[in-house]
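Visitor: Below are the structure tokens for one structure; questions will follow.
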Amino acid sequence: MQPIDIAKNVVKALDEKKAQDIEVIKVSDVTILADYFVIASANNATLVKALADETEHALEQKGVRPSHIEGRATQWILIDYASVVVHVFYQQTREFYSLERLWQDGERVDLATLLQDN
């Protein structure tokens, strides 16, 4: 599965579970860490975990497994799919770390194009 397809599936899973402020940043031109960062947030720690679990489940259904997961018991869960890194935050934690600002040189991807059915 291509990185953009992974990002699309992540966005759809997060959107279906009512994640807040979903952002996709194409970072392949500014780092070798990944091609895309997907960032989303929730109002409580339980929902942060539910969003991460749903993301992992949705991609496993497509045969894609994460290479690493960090922060299962925290307010910031990172799911690493190598070419796509998913960050699910508790809202206040997201504001504190402000990844969008840190990766502002990356290209913002229009969510409407990712949420379209093919």
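Visitor: Just to check I understand the Karplus step: with θ = phi - 60° and J = 6.51 cos²θ - 1.76 cosθ + 1.60, what whole-Hz values come out for the range 79-88, glycine and proline as x?
Guide: Once θ is set to phi - 60°, the couplings for the range 79-88 become 10, 9, 9, 6, 7, 10, 10, 9, 10, 10 Hz.
Visitor: Taking the chain as a Gaussian network, Cα atoms linked when under 10 Å apart, which of Asp15, Asp105, Asp53 shows the biggest mean-square fluctuation?
Guide: Judging by the Gaussian network model, the answer is Asp105.
Visitor: Would you kindly derive the ³J(HN,Hα) couplings of the range 70-76 from the backbone phi angles with the Karplus curve 6.51 cos²θ - 1.76 cosθ + 1.60 (θ = phi - 60°), listing them in order in whole Hz, with x for Gly and Pro?
Guide: Once θ is set to phi - 60°, the couplings for the range 70-76 become 10, x, 3, 10, 10, 8, 8 Hz.
Visitor: Over all directions, average the projected area of the Cα convex hull of the range 1-40 and note it in nm². Don't skip to the answer; put the middle values down first.
Guide: Details: hull surface 11.2 nm².
So the mean shadow area of the Cα hull is 2.8 nm².
Visitor: Considering only DSSP beta bridges with both partners in the chain, what is the antiparallel share in %, to the nearest 5? Show your work: numbers first, answer last.
Guide: Values: 15 of 22 bridges.
Percentage antiparallel, nearest 5: 70.
Visitor: At each listed q (0.12 Å⁻¹), what is the log10 of I(q)/I(0) that the Debye formula gives for the range 3-115 modelled as equal alpha-carbon point scatterers?
Guide: Summing over Cα pairs of the range 3-115 leads to -0.34.
Visitor: How many lysine pairs are close in the chain, with Cα atoms under 14 Å apart and the two 8 or more places apart or on different chains?
Guide: Numbers: Lys8/Lys26; Lys8/Lys62; Lys12/Lys62; Lys17/Lys49; Lys18/Lys49.
Close lysine pairs found across the chain: 5.
Visitor: With +1 on the Cβ of every Lys and Arg and -1 on the Cβ of every Asp and Glu, and nothing else charged, how large is the dipole of the range 3-115 about its Cα centre, in debye rounded to the nearest 20?
Guide: The dipole magnitude comes to about 240 debye.
Visitor: Can you compute 3J(HN,Hα) from phi for each residue in the range 54-62, using the Karplus curve 6.51 cos²θ - 1.76 cosθ + 1.60 with θ = phi - 60°, rounded to whole Hz and x for Gly and Pro?
Guide: 5, 4, 4, 5, 4, 6, 4, 4, 9
Visitor: Using just the helices of the chain, give the 222 nm mean residue ellipticity in deg cm²/dmol: DSSP H runs with n ≥ 4 each add -39,500 (n - 2.57), and the total is spread over all residues, rounded to 500. Could you put the intermediate results ahead of the total?
Guide: Values: 5 runs with 47 residues, N = 118.
Helix contribution divided over all residues of the chain: -11500 deg cm²/dmol.
Read the figures in this text as sums done on the coordinates, not as results from a lab. Note that this is a predicted model, so its numbers are computed, not measured. Note that we place each Cβ from the backbone using ideal geometry, even for glycine, and neighbour counts take in every protein chain shown.
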